[in-house]
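Written below as C-alpha coordinates is the structure these notes are about.
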Amino acid sequence: RKEVEQDPGPFNVPEGATVAFNCTYSNSASQSFFWYRQDCRKEPKLLMSVYSSGNEDGRFTAQLNRASQYISLLIRDSKLSDSATYLCVVNMNTGFQKLVFGTGTRLLVSP
Amino acid sequence: DVKVTQSSRYLVKRTGEKVFLECVQDMDHENMFWYRQDPGLGLRLIYFSYDVKMKEKGDIPEGYSVSREKKERFSLILESASTNQTSMYLCASKAWDEQYFGPGTRLTVT
(Lines give C-alpha, C1' and ligand atoms only; values in the text may rest on other atoms or scores of the structure.)
Protein backbone atom coordinates (compact mmCIF):
# COMPACT_ATOMS: atom_id res chain seq x y z
CA ARG A 1 0.00 0.00 0.00
CA LYS A 2 1.30 3.46 -0.88
CA GLU A 3 2.06 5.76 2.04
CA VAL A 4 -0.15 8.48 0.58
CA GLU A 5 -2.79 7.81 -2.07
CA GLN A 6 -4.82 10.19 -4.17
CA ASP A 7 -7.20 9.86 -7.08
CA PRO A 8 -5.22 11.33 -10.00
CA GLY A 9 -8.35 12.70 -11.71
CA PRO A 10 -8.72 14.82 -13.68
CA PHE A 11 -11.76 16.32 -12.05
CA ASN A 12 -13.53 18.43 -14.66
CA VAL A 13 -15.94 20.94 -13.11
CA PRO A 14 -17.69 24.11 -14.30
CA GLU A 15 -17.02 27.46 -12.73
CA GLY A 16 -18.97 27.91 -9.53
CA ALA A 17 -19.12 24.20 -8.72
CA THR A 18 -18.10 22.62 -5.45
CA VAL A 19 -15.50 19.88 -5.68
CA ALA A 20 -13.90 17.64 -3.08
CA PHE A 21 -10.77 15.52 -3.08
CA ASN A 22 -9.83 12.79 -0.66
CA CYS A 23 -6.45 11.42 0.25
CA THR A 24 -5.64 8.35 2.34
CA TYR A 25 -2.47 7.73 4.32
CA SER A 26 -1.02 4.53 5.71
CA ASN A 27 0.82 5.57 8.88
CA SER A 28 -1.59 5.98 11.78
CA ALA A 29 1.14 7.80 13.74
CA SER A 30 1.21 10.68 11.25
CA GLN A 31 0.72 14.01 12.97
CA SER A 32 0.76 16.72 10.34
CA PHE A 33 -1.11 16.99 7.07
CA PHE A 34 -1.08 19.51 4.27
CA TRP A 35 -2.45 20.35 0.88
CA TYR A 36 -0.05 21.82 -1.66
CA ARG A 37 -1.00 23.28 -5.00
CA GLN A 38 1.12 22.82 -8.11
CA ASP A 39 0.47 24.69 -11.32
CA CYS A 40 1.65 23.26 -14.62
CA ARG A 41 5.46 23.41 -14.88
CA LYS A 42 5.73 25.22 -11.56
CA GLU A 43 6.89 24.24 -8.12
CA PRO A 44 4.48 23.07 -5.39
CA LYS A 45 3.29 25.70 -2.94
CA LEU A 46 1.59 25.26 0.39
CA LEU A 47 -2.15 25.78 0.13
CA MET A 48 -3.15 24.95 3.66
CA SER A 49 -2.36 22.88 6.68
CA VAL A 50 -4.92 20.41 7.98
CA TYR A 51 -5.71 20.53 11.66
CA SER A 52 -7.59 18.01 13.75
CA SER A 53 -10.50 20.39 14.06
CA GLY A 54 -10.59 21.13 10.37
CA ASN A 55 -9.35 24.24 8.69
CA GLU A 56 -11.12 26.78 6.49
CA ASP A 57 -9.54 29.48 4.37
CA GLY A 58 -12.01 31.35 2.22
CA ARG A 59 -13.42 28.94 -0.35
CA PHE A 60 -11.16 26.11 0.79
CA THR A 61 -11.90 23.71 3.62
CA ALA A 62 -9.63 20.89 4.77
CA GLN A 63 -10.74 18.09 7.05
CA LEU A 64 -8.94 15.27 8.81
CA ASN A 65 -10.45 11.90 9.68
CA ARG A 66 -7.96 10.03 11.84
CA ALA A 67 -10.14 6.98 12.37
CA SER A 68 -10.32 6.32 8.63
CA GLN A 69 -6.90 7.81 7.92
CA TYR A 70 -7.90 10.27 5.25
CA ILE A 71 -7.86 13.98 4.68
CA SER A 72 -10.06 15.95 2.35
CA LEU A 73 -10.04 19.24 0.52
CA LEU A 74 -13.26 20.99 -0.42
CA ILE A 75 -13.29 23.87 -2.87
CA ARG A 76 -16.45 25.93 -3.10
CA ASP A 77 -17.42 28.29 -5.93
CA SER A 78 -14.62 27.03 -8.18
CA LYS A 79 -12.72 29.60 -10.23
CA LEU A 80 -10.85 29.10 -13.48
CA SER A 81 -7.69 29.95 -11.54
CA ASP A 82 -8.24 26.94 -9.28
CA SER A 83 -7.18 24.68 -12.16
CA ALA A 84 -4.05 22.97 -10.89
CA THR A 85 -2.80 19.75 -9.34
CA TYR A 86 -3.44 19.38 -5.63
CA LEU A 87 -0.90 17.39 -3.67
CA CYS A 88 -1.74 15.68 -0.42
CA VAL A 89 1.23 15.73 1.95
CA VAL A 90 1.70 13.82 5.18
CA ASN A 91 4.35 14.18 7.84
CA MET A 92 5.14 10.57 8.64
CA ASN A 93 6.44 11.44 12.08
CA THR A 94 9.30 9.00 11.71
CA GLY A 95 12.70 10.19 12.88
CA PHE A 96 13.43 13.12 10.67
CA GLN A 97 9.82 14.18 10.21
CA LYS A 98 9.80 13.23 6.60
CA LEU A 99 7.08 14.68 4.38
CA VAL A 100 5.55 12.22 1.94
CA PHE A 101 3.81 13.61 -1.11
CA GLY A 102 0.91 12.05 -2.91
CA THR A 103 1.00 11.96 -6.70
CA GLY A 104 -1.62 14.66 -6.90
CA THR A 105 -5.18 15.19 -8.07
CA ARG A 106 -5.65 17.28 -11.17
CA LEU A 107 -8.50 19.79 -11.24
CA LEU A 108 -9.74 21.46 -14.41
CA VAL A 109 -12.30 24.24 -14.02
CA SER A 110 -14.03 25.24 -17.22
CA PRO A 111 -16.09 28.35 -18.11
CA ASP B 1 10.08 37.04 1.11
CA VAL B 2 11.05 33.39 1.14
CA LYS B 3 13.31 32.37 -1.70
CA VAL B 4 14.81 29.14 -2.99
CA THR B 5 16.74 29.37 -6.22
CA GLN B 6 18.11 26.69 -8.48
CA SER B 7 21.02 27.21 -10.84
CA SER B 8 19.27 26.20 -14.06
CA ARG B 9 15.69 25.88 -15.26
CA TYR B 10 16.59 23.61 -18.18
CA LEU B 11 19.63 21.43 -18.67
CA VAL B 12 20.62 18.97 -21.38
CA LYS B 13 23.48 16.58 -20.70
CA ARG B 14 24.95 13.53 -22.36
CA THR B 15 25.06 10.05 -20.89
CA GLY B 16 28.11 9.62 -18.68
CA GLU B 17 28.58 13.32 -17.92
CA LYS B 18 28.94 14.56 -14.37
CA VAL B 19 26.11 16.93 -13.55
CA PHE B 20 25.86 19.48 -10.75
CA LEU B 21 22.54 20.96 -9.69
CA GLU B 22 22.82 23.86 -7.27
CA CYS B 23 20.24 25.10 -4.82
CA VAL B 24 20.43 28.19 -2.62
CA GLN B 25 18.00 29.37 0.04
CA ASP B 26 18.02 32.71 1.80
CA MET B 27 15.89 31.81 4.81
CA ASP B 28 18.59 30.40 7.09
CA HIS B 29 16.81 27.03 7.13
CA GLU B 30 18.69 24.06 8.48
CA ASN B 31 16.79 21.45 6.49
CA MET B 32 17.13 21.11 2.75
CA PHE B 33 15.90 18.48 0.31
CA TRP B 34 16.30 17.22 -3.21
CA TYR B 35 13.37 15.57 -4.98
CA ARG B 36 12.71 14.36 -8.45
CA GLN B 37 9.24 14.50 -9.94
CA ASP B 38 8.07 12.17 -12.68
CA PRO B 39 4.59 11.73 -14.19
CA GLY B 40 2.54 9.23 -12.22
CA LEU B 41 5.20 8.87 -9.54
CA GLY B 42 4.93 12.20 -7.79
CA LEU B 43 7.75 13.73 -5.79
CA ARG B 44 10.34 11.25 -4.61
CA LEU B 45 12.97 12.17 -2.05
CA ILE B 46 16.55 11.67 -3.22
CA TYR B 47 18.59 13.12 -0.36
CA PHE B 48 18.13 15.54 2.48
CA SER B 49 20.35 17.48 4.84
CA TYR B 50 19.56 18.72 8.33
CA ASP B 51 22.76 20.67 8.87
CA VAL B 52 25.98 21.72 7.21
CA LYS B 53 27.98 18.69 6.13
CA MET B 54 25.17 16.38 7.27
CA LYS B 55 23.25 14.35 4.72
CA GLU B 56 20.86 11.46 4.71
CA LYS B 57 19.64 9.20 1.92
CA GLY B 58 16.06 9.53 0.88
CA ASP B 59 14.00 6.96 -0.97
CA ILE B 60 15.91 6.88 -4.24
CA PRO B 61 19.57 7.87 -3.65
CA GLU B 62 21.14 5.49 -6.17
CA GLY B 63 23.14 7.31 -8.80
CA TYR B 64 23.18 10.58 -6.84
CA SER B 65 25.30 12.26 -4.22
CA VAL B 66 24.98 15.58 -2.43
CA SER B 67 27.11 18.26 -0.86
CA ARG B 68 26.26 20.78 1.87
CA GLU B 69 29.33 22.89 2.59
CA LYS B 70 27.37 26.00 3.59
CA LYS B 71 24.03 26.31 5.26
CA GLU B 72 22.40 28.13 2.38
CA ARG B 73 23.61 25.83 -0.40
CA PHE B 74 22.71 22.21 -1.15
CA SER B 75 24.09 20.59 -4.29
CA LEU B 76 22.91 17.46 -6.07
CA ILE B 77 25.50 15.56 -8.09
CA LEU B 78 24.92 12.99 -10.76
CA GLU B 79 28.28 11.24 -10.98
CA SER B 80 27.58 9.67 -14.37
CA ALA B 81 24.30 10.79 -15.86
CA SER B 82 22.05 8.16 -17.38
CA THR B 83 18.90 8.49 -19.48
CA ASN B 84 16.72 7.25 -16.62
CA GLN B 85 17.75 10.34 -14.67
CA THR B 86 15.88 12.55 -17.11
CA SER B 87 13.39 14.27 -14.82
CA MET B 88 12.29 17.43 -13.06
CA TYR B 89 14.50 18.09 -10.02
CA LEU B 90 13.11 20.16 -7.19
CA CYS B 91 15.04 21.54 -4.28
CA ALA B 92 13.29 22.57 -1.06
CA SER B 93 14.10 24.01 2.30
CA LYS B 94 11.98 23.65 5.37
CA ALA B 95 10.82 25.68 8.32
CA TRP B 96 8.70 23.75 10.78
CA ASP B 97 6.43 21.69 8.55
CA GLU B 98 6.23 23.91 5.50
CA GLN B 99 8.59 23.19 2.65
CA TYR B 100 9.51 25.96 0.25
CA PHE B 101 10.43 24.79 -3.21
CA GLY B 102 12.71 26.19 -5.83
CA PRO B 103 11.42 26.58 -9.41
CA GLY B 104 12.87 23.24 -10.49
CA THR B 105 15.44 22.10 -13.04
CA ARG B 106 14.22 20.08 -15.97
CA LEU B 107 17.13 17.79 -16.81
CA THR B 108 17.29 15.83 -20.03
CA VAL B 109 19.99 13.20 -20.44
CA THR B 110 20.54 12.09 -24.03
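Here are the numbers:
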read-out: Rounded percent of accessible protein surface that carbon and sulfur make up, chain A, 1.4 Å probe; value: 47 percent
read-out: Net dipole in debye of the range B:1-48 [+1 Lys, Arg Cβ; -1 Asp, Glu Cβ; about Cα centre; nearest 20]; value: 400 debye
read-out: Chains B and A, summed buried accessible surface - 1.4 Å probe, Å², nearest 100; value: 1600 Å²
read-out: Fully extended contour minus Cα-Cα distance, from residue B:51 to residue B:72, at 0.36 nm per residue; value: 6.6 nm
read-out: Positive-pole candidate from B:103, B:77, B:24, dipole of chain B, charges at beta carbon; value: B:77
read-out: Ranked by how many other beta carbons lie within 10 Å on average, peptides A:76-86, B:28-38, A:51-61 from highest; value: B:28-38, A:76-86, A:51-61
read-out: Percent carbon-and-sulfur accessible area, chain B, ignoring ligands, DNA and RNA, probe 1.4 Å; value: 49 percent
read-out: Subset of A:42/B:70; A:2/B:71; A:79/B:57; A:2/B:13; A:2/B:18 violating a 31 Å alpha-carbon distance limit; value: A:2/B:71; A:79/B:57; A:2/B:13; A:2/B:18
read-out: Point-to-point label distance, residue A:12-residue A:28, nm (Cα→Cβ direction, 7 Å offset); value: 4.1 nm
read-out: Accessible surface, per residue, of chain A when the full set of protein chains is kept, probe 1.4 Å, Å²; value: 48 Å²
read-out: Cβ charges +1 (Lys, Arg) and -1 (Asp, Glu), total dipole of the protein assembly as shown, debye; value: 460 debye
read-out: Drop in accessible area of at least 40 Å² in the complex versus isolated chain, residues of the range B:71-108, 1.4 Å probe; value: B:94, B:97, B:98, B:99, B:101
read-out: The range A:1-44 residues near the modelled residue A:66 label - backbone nitrogen below 16 Å, point 7 Å along Cα→Cβ; value: A:25-34
read-out: Charge-dipole axis of the range A:6-111 as Lys and Arg at +1 and Asp and Glu at -1 on Cβ define it, positive-most pick from A:33, A:100, A:68; value: A:100
read-out: Solvent-accessible area per residue, Å², over the range B:5-78 with all protein chains present [probe radius 1.4 Å]; value: 52 Å²
read-out: Cα→Cβ-extended label distance, 7 Å offset, between residue A:3 and residue B:22, nm; value: 3.0 nm
read-out: Cα-based shape type of the range A:1-41, given that a ≥ b ≥ c are square roots of the gyration tensor eigenvalues and the cut on a/c is 1.5; value: prolate
read-out: Net charge dipole size for chain B [Lys, Arg +1 and Asp, Glu -1 on Cβ; Debye, nearest 20]; value: 400 debye
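The values are calculated or read from the model by the stated rules, or taken from the named source; none is laboratory data. None of the values given here were measured: they were computed from a predicted structure. So basically every Cβ, Gly included, is an ideal-geometry build from the backbone, and we count neighbours across all protein chains shown. Accessible surface areas use protein heavy atoms only, side chains included; no ligands, DNA or RNA. Shrake-Rupley method; radii C 1.70, N 1.55, O 1.52, S 1.80 Å.
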